[in-house]
1. Which residue, of A162, A125, A166, is of a type in the set (G, A, S) and out of contact with any Cys (no Cβ under 8 Å at 6 or more places or on another chain)?
2. Could you list, in sequence order, the residues of segment 8-31 that are outside any strand (DSSP E or B), of a type in the set (A, V, I, L, M, F, W, C) and under 21 Å from L87 (Cα atoms)?
3. Give just the number: which of (1) within 19 Å of H147 (Cα to Cα); (2) in a helix (DSSP H, G or I) does A215 not satisfy?
4. Considering only residues that are more than 15 Å from the chain's Cα centre (by Cα), of a type in the set (A, V, I, L, M) and part of a helix (DSSP H, G or I), which ones fall in segment 171-197?
5. I'm checking my understanding of the structure. Among residues of segment 7-36 that are surrounded by fewer than 13 Cβ atoms within 10 Å (Cβ to Cβ) and among the small types (G, A, S), which one is farthest from D220 (Cα to Cα)?
6. Going by the structure shown, is P84 at pLDDT 95 or above and in contact with a helix residue (DSSP H, G or I) (Cβ under 8 Å, 6 or more places away or on another chain)?
7. If only one of D172, D188, D220 is of a type outside the set (F, W, Y), surrounded by fewer than 21 Cβ atoms within 10 Å (Cβ to Cβ) and at pLDDT below 95, which one is it?
8. Among the residues of segment 71-96 satisfying the criterion of being surrounded by fewer than 20 Cβ atoms within 10 Å (Cβ to Cβ) and in contact with a Leu (Cβ under 7 Å, 6 or more places away or on another chain), which is farthest from G111 (Cα to Cα)?
Amino acid sequence: MNFIVEDLGLIEYERAWKLQDEYAAEIAEGKRPPTLLLLEHPHVYTFGRKGRAENLLWGEEQLRQKGISTYWVDRGGDVTYHGPGQLVGYPLLPLGKVNTDNKLSEADYVGYVRKLEKMLIVAMANFGIVTGQRPGLSGVWIQPDVHSRCARCKPEDKKKPAKLAAIGIKVDVHGISRHGFALNVNPDMEYWDGIIACGLQNEPIVSLTDLADPAPSMKDVKEKVASAFREVFESQ
């Protein structure tokens with residue numbers, strides 16, 4: 001699958017959401033090639049189709065003081081955070097035909113998520129960070145031996161796996177993917193205190209800056225992710 005990469009820089013969440021709709025419609029009509037959008041968002045909490053309001057821990061006043069917007073959106077999963085220093089990727093790809101219920105087959109849907117995870121695992125290996133998958137959980141994770149590098153992390157948390165990247169997707173009625181992945185490069189980790197991320201209690205979250213020395217630049221991470229994306233998806 002041949003695709004193009006667009007770097008949108010820092011862009012408001014709602015604008016990027018609408019842009020996905022516009023581009024996906026063009027892809028479905030054959031007017032645009034498959035596209036990978038790379039970007040950062042201002043501070044925002046988004047709730048997916050399985051989102052629960054009780055997983056938002058901060059009240060309206062704290063959200064206002066922190067400058068955080070909230071959205072309920074059409075991707076899978078529960079609540080997550082996006083903000084400056086986090087690389088967000090929205091792959092808009094034609095994944096195949098949907099069935100009579102306007103859904104992609106479960107095998108193809110899950111297979112796509114696994115490919116996104118594989119792509120990020122390949123990209124992180126370029127920074128000397130060993131990552132992997134966890135049975136029953138989406139996203140990209142590190143094991144405790146890697147987590148032990150994190151200077152700011154709590155000692156008790158370093159004994160657990162930690163999430164480095166989250167994944168939440170949607171496939172529309174034309175089989176075009178939306179939403180995607182969020183990789184923590186160098187965000188302000190305090191913002192995760194305001195949510196129970198992905199609805200998972202007591203699951204630590206880390207960033208590349210916590211693990212890599214020297215910490216990579218966002219530019220370098222974008223290049224490595226785009227390269228890994230080509231490696232994994234252009235072979236389709």
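1. Going through A162, A125, A166 in turn, the sole match is A125.
2. I11, A16, W17, L19, A24
3. A215 satisfies all of (1) within 19 Å of H147 (Cα to Cα); (2) in a helix (DSSP H, G or I) except (2).
4. Within segment 171-197, M189 is the sole residue that qualifies.
5. Among those residues, the one meeting the criterion is G30.
6. Details: at pLDDT 95 or above: yes; in contact with a helix residue (DSSP H, G or I) (Cβ under 8 Å, 6 or more places away or on another chain): no.
No; evaluated as a whole, the condition is false for this residue.
7. Details: D188 fails: at pLDDT below 95; D220 fails: at pLDDT below 95.
Exactly one residue qualifies, and that residue is D172.
8. That would be P84.
The values are calculated or read from the model by the stated rules, or taken from the named source; none is laboratory data. It should be emphasised that the depicted structure is a prediction, and the values quoted were computed from it without experimental measurement. A quick note on method: Cβ atoms are made from the backbone with ideal geometry, for glycine too, and the neighbour counts reach across all protein chains shown.
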